[in-house]
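The values are calculated or read from the model by the stated rules, or taken from the named source; none is laboratory data. Only a predicted model underlies this, so the values are computations on that prediction, with no experimental measurement involved. Positions of Cβ are backbone-derived with ideal geometry, glycine not excepted, and every protein chain shown enters the neighbour counts.
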Amino acid sequence: MTIIKQIGIDLHTNCFTIAYRDKTGNFIFEEFNLFKNDEIEGFKKLLSKETTIAVEATINSSYFYEAFSPFVKKVMIVNTSKHDHKKTKRKTDKEDAKRILIFLEANMLSEIWVAPKKVVHLRKLLSIQKQIESIQTGCKNMLGNILIETATKRKRSEITHRDNIALFYNEKFNENQQLISRNLIEITKYMELKNAVMKHAIVKYLGENEHVKLLMSIPGISYYSAVCILAEIGDIHRFDSAKKLCSYAGLVPILEESNGKRKNRGITKSGRRKLRYFATFAVLNAIKSSKTLRDFYNKIALKGSKKKAMVATGRKLLTIIYHILTTKEPFREIKESLYNMKIFKWKKALMTNSSNMNKLMKKFIDKEIYEAVFIDDRLKC
């Protein structure tokens, strides 16, 4: 039996197309269904410990990686967008698999890091929590708009405060406005409670994490920001230097050089968008407490715009994060009072029992709604 050393794969949700070469160098194409065991077993027969598989990054590429890694030398999850993979005249599954194979043979593919299950699960928890906060914010904005439309002044800054909620039952509001506001208030309360459950689940999932504790020593980085940064970075040791971590976040400048002339075109903005977001916006609070970061920010701001200064300081902050995580030493300019407060809140959250969260749900939500929504969705942390 001929040993196939390289295979290019175009992966879909329910099937995949493979391309490889025979003894004479001709391309061979085959299609397999992911849900048919006999076809999967037939694909496994083509594999050996000398085979390298390249598959494009899709929503189920992680499953493909885990399922077939034991049978081959290596499974590469690749970013095909960096090779103008889709800017071609012919766009078929066979052509896509063929191009992946050609780039694999030329050793020109951009391999993507496959995150461990723990990191993937943490990212999903954070994503769900972010979506809940987004819905919650949207409902609050709509409630605020109703008050503006009727020229009603808020009594408190928080729209869901009981003093503000009482305003929506005023005579100046018609039936439709009262109906809309009542539903928005119920959704907002539901989302606030669900948000508390998700944050509790995240805290319990990570437990006593030393890296979180180290990152909280940096002014401007709360527990939530530290968790998000760690989830986006994954394993810090896969980066050889701080520059590569900054490049992974898309915080390195685009440099164009031709005929002895050099031009900067801003930052690349490629890589982990969320990591770039947390690194830059943490600067707003970090410069208030850290003299090093504040002086660096002011130096750049005097030369150009504040936006450029924030991006440059975000890159410096990410460099600091890299050295803190690799050396396992806290930030040098640590503010003891602020740091101790962060640790106190973190320890308090860790001690909170899951049963207490469910009691909180029962207190604010109708029994029938609670049983329908929360019993099957109870988080066992």
Q | Output for segment 260-310, where each listed residue is in a helix (DSSP H, G or I) and of a type in the set (S, T, N, Q) | A | THR280, ASN285, SER289, THR292, ASN298
Q) Of the residues that make up segment 22-29, is at least one touching a residue at least 24 places away in the same chain (Cβ under 8 Å) and touching an Asp or Glu at 6+ places or on another chain (Cβ under 8 Å)? A) no
Q.
Of everything in segment 296-318, what is polar (S, T, N, Q) and over 18 Å from THR268 (Cβ atoms)? Give them in sequence order.
A. ASN298, SER305
Q.
I'm told GLU257 meets every condition in (1) touching a residue at least 24 places away in the same chain (Cβ under 8 Å); (2) outside any helix (DSSP H, G or I) except one. Can you identify the failing condition by its number?
A. (1)
Q) Could you say whether any residue in segment 329-344 is in contact (Cβ under 8 Å) with a residue 24 or more places away in the chain, closer than 27 Å to GLU256 by Cα and in contact with a helix residue (DSSP H, G or I) (Cβ under 6 Å, 6 or more places away or on another chain)? A) no
Q) Among PHE29, PHE68, PHE35, PHE43, which is assigned to a loop (DSSP other than H, G, I, E, B), of a type in the set (Phe, Trp, Tyr) and outside the structural domain of ALA249 (by TED's automatic domain parsing)? A) PHE35
**Q.** Among residues of segment 213-252, those that are in a helix (DSSP H, G or I) and either touching a strand residue (DSSP E or B) at 6+ places or on another chain (Cβ under 9 Å) or more than 15 Å from LYS118 (Cα to Cα) (or both), counted
**A.** 16
Q: Report, by residue number, each residue of segment 95-108 that is more than 12 Å from ILE9 (Cβ to Cβ), of a type outside the set (Phe, Trp, Tyr) and touching a helix residue (DSSP H, G or I) at 6+ places or on another chain (Cβ under 8 Å).
A: MET108
(Q) Could you check segment 118-159 and list, in sequence order, the residues that are assigned to a loop (DSSP other than H, G, I, E, B) and more than 24 Å from SER225 (Cβ to Cβ)? (A) THR150, ALA151, THR152, LYS153, ARG154, LYS155, ARG156, ILE159
Q | Enumeration of residues in segment 16-46 that are in contact with a strand residue (DSSP E or B) (Cβ under 8 Å, 6 or more places away or on another chain), of a type outside the set (Asp, Glu) and closer than 21 Å to LEU104 by Cα | A | PHE16, THR17, ILE18, ALA19, TYR20, ARG21, PHE27, ILE28, PHE29, PHE32, PHE43, LEU46
Q. What number of residues within segment 179-223 are closer than 19 Å to LYS140 by Cβ and charged (D, E, K, R)?
A. 6
**Q.** Answer from ARG262, ARG276, ARG315 - the residue that is free of Cβ contacts under 8 Å to residues at least 40 places away in the same chain, farther than 22 Å from ILE202 by Cβ and in contact with a strand residue (DSSP E or B) (Cβ under 9 Å, 6 or more places away or on another chain)
**A.** ARG262
Q. In segment 95-120, how many are within 18 Å of ASN209 (Cα to Cα) and loosely packed, with under 13 Cβ neighbours inside 10 Å?
A. 3
Q. Which is within 18 Å of the chain's Cα centre (by Cα) and hydroxyl-bearing (Ser, Thr, Tyr), of SER217, SER222, SER241?
A. SER222
Q. Picking from ASN259, ASN209, ASN264, which residue would you name as being within 18 Å of LEU122 (Cα to Cα) and either over 14 Å from the mean Cα position of the chain (by Cα) or modelled with pLDDT under 90 (or both)?
A. ASN209
Q | Tally of residues being in contact (Cβ under 8 Å) with a residue 60 or more places away in the chain and of a type in the set (S, T, N, Q) across segment 117-150 | A | 1
